[in-house]
Amino acid sequence: MLKLYDYELSGNCYKARLLLSILGLEHELVPVEFFPAKEHRKSSFLAVNPLGQLPVLDDNGFVVRDSQAILVYLACKYDESGKWYPLDDAVRLAQMQMWLSFANEITATASVARQVELFQYDMDAVTARKKARELFTVIDEHLWFAEKAGQQWLCSGEHPTIADLACFPYIMLSDEADISLIDYPAIRRWTDRVKAIPGFSTMSGIFSAASN
């Protein structure tokens, strides 16, 4: 069975949980208390991931670390439709890789500011928020032009990809980083579309789309 080493409040862990839910994959969650216990730094977890980072996926002994790598692995191995990571489309693959890298930048900014707000980490939240807002402007403009071209997702095509799932969590959790989405209407419309994906699951701070 798939085993995910997980922290409930981690946006990166949520990415993996979200795709597992969307694909309907049976799995076991292994809680690792990032805060306050800092179990990710203890020897028992370092034996699983020497980098001391979450999440980690164990697929019957094959271990994948890094949230983006986990998304790629799950989509390539378990998505029978081939739509979440379309290997036969070089353009969309390149687009996905660019947005996966962009998701890392969101983690390095919005997530840092959130860690300061939630866990009182000693990091530069002011600079992190400023850079996060710059990233949000980029993605909002991209989504606005995509909508004008009849597209709904970060990458071209009619179906969402793992790029959407990679960028989604820390944007949705931005209120906890003291970053408002009020100035990013295209982002807000996109997050509603993500929430409407069959199999969508929630986490603390991320709720289902409001019903009419």
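Reported count of residues in the range 62-93, each being farther than 19 Å from Phe168 by Cα, out of contact with any Phe, Trp or Tyr (no Cβ under 7 Å at 6 or more places or on another chain) and part of a helix (DSSP H, G or I), is 4. Pairs linking a residue in the range 70-81 that is of a type outside the set (Phe, Trp, Tyr) to a residue that is exposed (fewer than 14 other Cβ atoms within 10 Å of the Cβ), with Cβ atoms under 8 Å and 6 or more positions apart or on different chains, are Cys76/Leu87. Among the numbered conditions (1) of a type outside the set (A, V, I, L, M); (2) more than 26 Å from Lys83 (Cα to Cα); (3) within 17 Å of the chain's Cα centre (by Cα), the only one that Ser21 does not meet is (2).
Within the bounds of the range 49-71, is there any residue that is under 21 Å from Glu158 (Cβ atoms), crowded, with 17+ Cβ neighbours inside 10 Å and in contact with a Leu (Cβ under 8 Å, 6 or more places away or on another chain)?
Filtering the range 49-71 down to residues under 21 Å from Glu158 (Cβ atoms) leaves 71.
After this cut, where a residue has to be crowded, with 17+ Cβ neighbours inside 10 Å as well, the list is 71.
If we keep only those that are in contact with a Leu (Cβ under 8 Å, 6 or more places away or on another chain) as well, we get 71.
There is at least one residue in the range 49-71 that is under 21 Å from Glu158 (Cβ atoms), crowded, with 17+ Cβ neighbours inside 10 Å and in contact with a Leu (Cβ under 8 Å, 6 or more places away or on another chain).
Working carefully through the options Gly205, Gly199, find the one that is in contact with a helix residue (DSSP H, G or I) (Cβ under 7 Å, 6 or more places away or on another chain), under 27 Å from Tyr73 (Cα atoms), surrounded by fewer than 16 Cβ atoms within 10 Å (Cβ to Cβ) and in contact (Cβ under 8 Å) with a residue 24 or more places away in the chain. Going through Gly205, Gly199 in turn, just one is in contact with a helix residue (DSSP H, G or I) (Cβ under 7 Å, 6 or more places away or on another chain), under 27 Å from Tyr73 (Cα atoms), surrounded by fewer than 16 Cβ atoms within 10 Å (Cβ to Cβ) and in contact (Cβ under 8 Å) with a residue 24 or more places away in the chain: Gly199. For Tyr121, the conditions (1) part of a helix (DSSP H, G or I); (2) free of Cβ contacts under 8 Å to residues at least 24 places away in the same chain; (3) among the hydroxyl-bearing types (Ser, Thr, Tyr) all hold with the exception of (1).
Do we have Asp140 as in contact with a helix residue (DSSP H, G or I) (Cβ under 9 Å, 6 or more places away or on another chain) and within 21 Å of Gly82 (Cβ to Cβ) here? Considered against the rule, which asks whether it is in contact with a helix residue (DSSP H, G or I) (Cβ under 9 Å, 6 or more places away or on another chain) and within 21 Å of Gly82 (Cβ to Cβ), Asp140 comes out as no. Sub-6 Å Cβ pairs linking a first residue in the range 53-69 that is touching a residue at least 12 places away in the same chain (Cβ under 8 Å) and closer than 19 Å to Phe34 by Cβ to a second residue that is surrounded by fewer than 19 Cβ atoms within 10 Å (Cβ to Cβ) and of a type in the set (D, E, K, R), at least 6 apart or interchain, are Val56/Arg65; Asp58/Lys3, ordered by first then second residue.
Every residue, every condition in (1) among the hydrophobic types (A, V, I, L, M, F, W, C); (2) more than 20 Å from Arg17 (Cα to Cα); (3) modelled with pLDDT under 95, yes or no:
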residue: Glu105; (1), (2), (3): no, yes, no
residue: Gln120; (1), (2), (3): no, yes, yes
residue: Gly150; (1), (2), (3): no, yes, no
residue: Met172; (1), (2), (3): yes, no, no
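Applying a threshold of 6 Å to beta carbon distances and a minimum spacing of six or more residues, or different chains, the list of pairs starting in the range 141-164 at a residue that is under 15 Å from Ile197 (Cα atoms) and crowded, with 20+ Cβ neighbours inside 10 Å and ending at one that is β-branched (Val, Ile, Thr) and at pLDDT 95 or above reads Asp164/Val194.
Could you list, in sequence order, the residues of the range 5-16 that are of a type outside the set (Ser, Thr, Tyr) and either surrounded by fewer than 22 Cβ atoms within 10 Å (Cβ to Cβ) or within 11 Å of Leu71 (Cβ to Cβ) (or both)? Full working, then the answer.
We begin by selecting, within the range 5-16, every residue of a type outside the set (Ser, Thr, Tyr); these are 6, 8-9, 11-13, 15-16.
Selection gives Glu8, Leu9, Asn12, Lys15, Ala16.
When Ser10, Ser44 are checked against the criterion of being of a type in the set (S, T, N, Q), under 18 Å from Ser111 (Cα atoms) and free of Cβ contacts under 8 Å to residues at least 60 places away in the same chain, Ser10 stands alone in meeting it.
Looking at Asp164, Asp140, can you tell me which residue is in a helix (DSSP H, G or I) and within 18 Å of Ala16 (Cβ to Cβ)? The match here is Asp164.
The values are calculated or read from the model by the stated rules, or taken from the named source; none is laboratory data. Just so we're clear, the structure is a prediction, and the values are computed from it rather than from any experiment. Every residue, glycine among them, receives a Cβ derived from its backbone with ideal geometry; neighbour counts consider all protein chains shown.
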